[in-house]
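What follows is a single structure, written as structure tokens, with notes after it.
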Amino acid sequence: MADKTTIIVFSGDLDKAMASFIIANGAAAMGSEVTMFFTFWGLNILRKENAAHGKKHWMEKMFSAMMPKGPEKLGISKMNMGGLGAKMMKWAMRRKNVSTLPQLIEMAQEQGVKIVACTMSMDVLGIQAEELIDGIDFGGVATYLDEAYESKVNLFI
Amino acid sequence: MADKTTIIVFSGDLDKAMASFIIANGAAAMGSEVTMFFTFWGLNILRKENAAHGKKHWMEKMFSAMMPKGPEKLGISKMNMGGLGAKMMKWAMRRKNVSTLPQLIEMAQEQGVKIVACTMSMDVLGIQAEELIDGIDFGGVATYLDEAYESKVNLFI
Amino acid sequence: MADKTTIIVFSGDLDKAMASFIIANGAAAMGSEVTMFFTFWGLNILRKENAAHGKKHWMEKMFSAMMPKGPEKLGISKMNMGGLGAKMMKWAMRRKNVSTLPQLIEMAQEQGVKIVACTMSMDVLGIQAEELIDGIDFGGVATYLDEAYESKVNLFI
């Protein structure tokens, strides 16, 4: 099977991020070329926990501080209860031997899933390239659409 | 028209569940083969109100108790206000003769819409097969992708 | 490129509305025929700020008053903090010369993007045609599906 798959990851919630990567990894395992396009809150999934970065406006620093830094810090979209929900969800996943989000991300990169960070969102949120994980691409809406029109499965998560 | 339609129902909100089933029923009425794949919070839409079930870990019992049991118990995604918003929405729908969610689910099953519960999510949330409505299928991400690659319309709700 | 694009805009959040129109405008600029179908909270994006309207039930008046009237009044889906988040987001976008939502809507209409308001949702939420911006179409789920089955890219936002 050679059909392409393109997923926009707009959400920065742990549960939706897990769903995105489970679908992406499943598709890649079935032989599909997969592109994940990370935009808005979705960029937080790709953030390193402690990254050096260039100068920022104080407002960008505030944004940066308020948003979760990477997969370990994400909350869940419902019943998060100040992070308790996310902890419960991770406990349940560990118990059932479900891969963690960092493992799913690594697996995706090993399988050749193309991870693209939306440059416009980075610009608006004041996130710099060196703050994101290595081995990813950068692009705008035209990059996304080029992939989308070639894909059989298109999702917005 | 013979194009297939596949919808991932990730959300467990009343308004998004209604949208999912309205699209699914519309598509089925137009002759499309429709598959709805229920995952994460979406599983709550399929829960019976009072179902016998096997042994559960105390943490799974807690999850179970915290999540809405079936279509009558769902909240709406915005302005839910502790359930008042959902009540207002249901009042408005009744007044305009819009089918209720339980009616939409029944209609979907009568029209042959394939309802699939995500086994991985069931495992994580500690939901057992006998707690879900009858006449449904069970599967994982591969089941979903098989349908998705054959579908003209793919949605993530 | 002549592939069609169809987007359901279910969400009434500023960030998701921006994403919808950025994708729609990008697709139109690439020569795609684009249809945006606004349903549930998405209708709020299309509301005029002060529109005359016919008689309403008191409950419909209450709905109307509680929901944001048009693009300037929308909140963001995360970290809205009573509107402060939306203000910060708009500040950041202005600084980076990103078009505002009203500009994106105008641009879409100029490019011939077809904007359809869901009549069933209008009926349920008590929103009347004269309360929505000019130059749009009206339709139900069948209208949506007709477009969707002809589209290469289908998104639910």
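Within segment C:39-73, the set of residues being within 11 Å of chain B (Cβ to nearest Cβ) and touching a residue at least 12 places away in the same chain (Cβ under 8 Å) comprises C:Thr39, C:Phe40, C:Trp41, C:Gly42, C:Asn44, C:His57, C:Met59, C:Glu60, C:Phe63, C:Met67, C:Pro68. Taking segment B:40-157 as the region of interest, the helices (runs of 4 or more DSSP H) fully inside it that hold 2 or more residues being in contact with a strand residue (DSSP E or B) (Cβ under 7 Å, 6 or more places away or on another chain) and either buried (at least 18 other Cβ atoms within 10 Å of the Cβ) or of a type in the set (Gly, Ala, Ser) (or both) are B:141-148. Answer yes or no as to whether C:Lys96 is within 14 Å of chain B (Cβ to nearest Cβ) and either within 13 Å of the chain's Cα centre (by Cα) or closer than 30 Å to A:Lys56 by Cβ (or both). Against the criterion (within 14 Å of chain B (Cβ to nearest Cβ) and either within 13 Å of the chain's Cα centre (by Cα) or closer than 30 Å to A:Lys56 by Cβ (or both)), C:Lys96 does not qualify.
Report, by residue number, each residue of segment B:1-39 that is assigned to a loop (DSSP other than H, G, I, E, B) and aliphatic (A, V, I, L, M). Full working, then the answer.
First pass over segment B:1-39, keeping only residues assigned to a loop (DSSP other than H, G, I, E, B): B:1-3, B:10-13, B:30-33, B:39.
Within segment B:1-39, B:Met1, B:Ala2, B:Met30 meet the criteria.
Residues are listed down the side, and each one gets a yes or a no for (1) under 19 Å from A:Glu106 (Cβ atoms); (2) of a type outside the set (D, E, K, R):
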| residue | (1), (2) |
| --- | --- |
| A:Ile7 | yes, yes |
| A:Met18 | yes, yes |
| A:Ile23 | yes, yes |
| A:Ala27 | yes, yes |
| A:Phe40 | no, yes |
| A:Asn44 | yes, yes |
| A:Lys48 | yes, no |
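Exactly one residue out of A:Met81, A:Met1, A:Met88, A:Met66 is closer than 21 Å to A:Cys118 by Cα and modelled with pLDDT under 95: that is A:Met66. Here segment C:25-38 is the region considered, the condition is being within 10 Å of chain A (Cβ to nearest Cβ) and touching a strand residue (DSSP E or B) at 6+ places or on another chain (Cβ under 8 Å), and the residue that is surrounded by the fewest Cβ atoms within 10 Å (Cβ to Cβ) is C:Ser32. The conditions are (1) touching a helix residue (DSSP H, G or I) at 6+ places or on another chain (Cβ under 8 Å); (2) farther than 29 Å from A:Lys16 by Cα; (3) modelled with pLDDT of 95 or more, and C:Ala51 fails exactly one of them. Which is it? The single condition C:Ala51 does not satisfy is (3). Out of B:Leu145, B:Leu101, B:Leu155, B:Leu125, report the one residue that is within 17 Å of B:Asp15 (Cα to Cα) and within 14 Å of chain A (Cβ to nearest Cβ). Result of the check over B:Leu145, B:Leu101, B:Leu155, B:Leu125: B:Leu155. Residues that are touching a Gly at 6+ places or on another chain (Cβ under 7 Å) and either without any contact (Cβ under 8 Å) to a residue 24 or more places away in the chain or of a type in the set (Ser, Thr, Tyr) (or both) within segment B:4-38 comprise just one, B:Ser11.
The values are calculated or read from the model by the stated rules, or taken from the named source; none is laboratory data. What you see is a predicted model, and the numbers here were worked out from it, not measured in a lab. Cβ atoms come from the backbone with ideal geometry, glycine included; neighbour counts cover every protein chain shown.
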